[in-house]
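I have placed the structure first, in the form of structure tokens, so that the comments after it can refer back to it.
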Amino acid sequence: MSGVSRRAVLGGAGLAVTGLAGSAGCTPAAAADADRAPPLGPAVVTPDDVRYQDLVRRGHKRYVASPDYVEVVGSTRQVEQALRKAVRAGKKVVARGGGHCLSDFVDHPDTEVIIDLSGLRQVYFDERRGAFAVEGGALLGEDVYRRLFLGWGLTLPAGWCPRVGVGGHICGGGYGVLSRIHGLTVDYVDAVEVVVVDEAGAVRTVVASRDTHPDLHWAHTGGGGGNFGIVTKYWLRDPTATGTDPAGLLPRAPASTLDFSCEWPWAELDERKFVRLAENHSRWVEANSAPGAPGANLYCELILHRRATGQHLTVGQAFGPGAEALLDDYLAALGAGVGTPRNLTRARKPYLATALAGSPDSKPYRFHVKSGYLRAGFTREQLHAIHEQLTAEHDDSLLNGSVGLAAYGGAINAVNPAATAVATRDAVLKLTYIAAWEDPAKDAVHDAWIREFYRKVYAATGGVPDPADGAYINYPDNDLADPAINKSGVPWSTLYYKGNYPRLQRTKARWDPLDVFNHALAVRPAPR
């Protein structure tokens, strides 16, 4: 499962439970839907319906809800109606987009109603706003990448996994293989359409932009899913773009992608070489992560696996006419003092074919994922702890136990941390700790393994990342909000949002005053 699960996680995680819209102020849903073909839904699916088992199993295998019903919707008006009905009945209601949340935010025992956005998948150019509209249930590959490319030759710097839904992926940050060149997806959010619930319990649709309801707009540029309302549409546009030609309003897609991977066998690495490999990777990324640097045209990730897996993995993509030379430079730096990688593959491929291939879906597995950022590489003490955990004896039903060091920085770090809700704009590496398995009986033993892994790596900072580095909300980890596990004294909200959290709390208090949208890592409203 080595690279398979890692590539899947790269697509991000989250919920389609916050949003943006197409004109200023509060917009009647009928206006937003006027130009649409007859939508899918509404369809209310109860437990005795043949569709129920499929709809409650759209998320990751570890989490399965048993709601009173699932309502499949295909328009903003239908979302309003479904949410109004659930709120009036006092039901615990959540929304689902792509279903890739790595925690139980949707599939929780308390969930009574799921609003499924499967019918909201349109992607088109909205001439009235001068921006591309992407509905809240759209998937990255088939819907977003394919339509932007075939229609205009454009793309977005979003996730690697093509079946991830945009709803939670974008509002949690939106990171992918092109982000070092073009920034995060949230840097292109021009407006958002959100169905919200006010203090009186009334449901309405709000369009938020930088000029109209800027707090709600800002909250959807990294504030995470499941916090403020249900996202039914994003409008995306390069904030520096001028003119009206759609082909100039989002990043141009590369003509091709140089896709590569290679392996580093455990049998050929003692601890000294293991440490050197990790340091080589980190130093190359750090030296090539300035905004606009030629090295930003290469995305790379070193995935350090348990010894039982047999090898470590390097995967990535390079872009532009200098891609081959850039990859040669990276591989030479990576192998210095370590050796020659095995099973090296490198191939130029058409961009769209690569984007749609992405990575296999992670949903068949049971996961526990943790995250972090680094502004420089791991310390020697941390690398010793990683080596110790990856070589320790453990139950071999753990299919993937790893930490991935993904290249960050570049254009991402050119943005002020306060400009969006994504507070980490000075890191050079994004970290993903993964435990993946299939047997439900092994949940506790594998949870214990990854918790110990995290604790050892961050022993010097209380068992969690240095707050100045932080963590990534699209890889949510409920452990950080559990005082029995997170004993560091650093709140989960600080790790995910740093100094941006108080503003998110004020936005929560204004736009979701009844706390309709909540989960283990939901933004808590500011006290009145």
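A short reminder: the numbers here are calculations on the coordinates, not readings from a lab. This is a predicted model, so every value here is computed, not measured. Every residue, glycine among them, receives a Cβ derived from its backbone with ideal geometry; neighbour counts consider all protein chains shown.
Below are the figures for this structure:
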| quantity | calculated |
| --- | --- |
| Kirkwood Rh, Cα atoms: Rg over Rh of the chain | 0.95 |
| Distance between segment 444-462 and segment 122-162 - C-alpha centres, whole angstrom | 38 Å |
| Candidates per trypsin sites (Lys or Arg not before Pro) in segment 430-493, loop by DSSP, up to 12 other Cβ within 10 Å | LYS487 |
| Cα long-axis angle, helix 271-287 against the chain (0 to 90 degrees, to the nearest 10) | 50 degrees |
| Cα long-axis angle, helix 443-457 against the chain (0 to 90 degrees, to the nearest 10) | 60 degrees |
| Kirkwood hydrodynamic radius over Cα pairs of segment 305-366, then Stokes diffusion coefficient at 10 °C and 1.306 mPa s, in µm²/s | 110 µm²/s |
| Summed residue charge, Cβ within 9 Å of ALA468's Cβ, Lys/Arg positive, Asp/Glu negative | -1 |
| Rel. contact order, % - alpha carbon contacts under 8 angstrom, at least six apart, segment 233-322 | 35 percent |
| 14 Å tail of the calculated P(r), segment 265-334, as % of Cα pairs | 60 percent |
| Distance histogram for segment 396-525 (every C-alpha pair counted, 5 angstrom bins, percent rounded to whole numbers) | 2, 9, 16, 20, 19, 15, 11, 6, 2, 0 |
| Inter-centroid distance (Cα atoms) of segment 492-528 relative to segment 93-109, Å | 18 Å |
| Hydrodynamic radius of segment 138-191 per Kirkwood, over alpha carbon pairs, in Å | 11.0 Å |
| Charge dipole (the chain, unit charges on Cβ, about Cα centre) - positive-most of HIS312, HIS100, THR242 | THR242 |
| Fully extended contour minus Cα-Cα distance, from ARG210 to ALA347, at 0.36 nm per residue | 45.2 nm |
| D_trans [Stokes-Einstein, Kirkwood Rh over alpha-carbon pairs] for segment 91-249, 25 °C, 0.890 mPa s, µm² s⁻¹ | 154 µm²/s |
| Diffusion constant of segment 322-455 at 25 °C, which comes from Stokes-Einstein with the Kirkwood Cα-pair radius and 0.890 mPa s, µm²/s | 136 µm²/s |
| Gain upon complete extension [GLU127, ALA526; 0.36 nm per residue less C-alpha separation] | 139.9 nm |
| Folded to 0 to 90 degrees: helix 501-511 orientation relative to the chain principal axis, Cα | 20 degrees |
| Cα-based Kirkwood hydrodynamic radius, segment 215-367, one decimal, Å | 18.6 Å |
| Share of alpha-carbon pairs per 5 Å distance bin for segment 379-419, given as whole % | 5, 15, 16, 15, 12, 12, 11, 8, 5, 0 |
| Pairs from LYS61/LYS85; LYS273/LYS442; LYS91/LYS233; LYS61/LYS370; LYS363/LYS430; LYS85/LYS508 whose Cα-Cα separation, in the structure shown, is over 26 Å | LYS61/LYS85; LYS273/LYS442 |
| For segment 188-288, projected area of the alpha-carbon convex hull averaged over all directions, nm² | 12.1 nm² |
| Inter-probe distance in nm under a simple model that places probes 7 Å from Cα toward Cβ, at ASP68 and THR391 | 5.7 nm |
| Gyration tensor over alpha-carbon atoms, segment 170-222, equivalent ellipsoid semi-axes in Å | 27, 11, 7 |
| In segment 115-165, the trypsin sites (Lys or Arg not before Pro) that fall in loop regions by DSSP, at most 11 other Cβ within 10 Å | ARG128 |
| Percentage relative contact order, the chain, counting C-alpha pairs under 8 Å, at least six apart | 18 percent |
| Contour excess over end-to-end distance, with Cα ends at ALA89 and GLU268 and 0.36 nm allotted per residue | 58.2 nm |
| Ordering of 304-312, 86-94 by burial proxy (mean other Cβ atoms within 10 Å per residue, highest first) | 304-312, 86-94 |
